[in-house]
């Protein structure tokens, strides 16, 4: 009887230690930013890398209407925003987070996550956006910019299509 109690208490202690170990490992894993497997952003042909045109150009940080290049871009994402809220003025081939950290365009989900945290959590879980891959393996995520134009991300209204025909109505 004493041996059974002793074994049982050892099993309980071992179980407790293992669960504690797994919780530490899980919390440490959450501290490391995960890199998601994404296809390249849908750049307009000939526009990236940005440094091919911006290299050596003086940086004008003053918000204004663009007249020579990029004049088709109207920022309707955040009122009062400006290009350098997201784009890095010193290295145009990188994006800049609010804390000053530079990220690649392939990691733009971190830029979006600064304001859209709930959507970002849903995106990581596969509830928002498109994700493909194996249930137990590597998954490919589409970037926010594959579906949303970053300068005006709201979807434009579309005309609904008629319902499909019933097989019995096809002649």
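Which order do 73, 103 fall in if you start with the one that has the fewest other Cβ atoms within 10 Å? Write down the numbers at each step before the final one.
Working: 73 13, 103 16.
Neighbour counts put them in this order, fewest first: 73, 103.
Given labels modelled 7 Å from the Cα in the Cβ direction, how far is it in nm from residue 104 to residue 159?
If labels sit at residue 104 and residue 159, their model points lie 4.2 nm apart.
At what distance in angstrom do the alpha carbon centres of segment 141-171 and segment 99-130 lie from each other?
About 23 Å separates the Cα centre of segment 141-171 from the one of segment 99-130.
Sorted from fewest to most neighbouring beta carbons within 10 Å, what does the list 85, 169 look like?
Ascending number of Cβ neighbours within 10 Å: 169, 85.
FYI, it's all coordinate maths here, none of it is from the lab. As the structure is a computational prediction, the values presented were derived from the model and not from experiment. Note: ideal-geometry Cβ built from the backbone for every residue, glycine included; neighbour counts use all protein chains shown.
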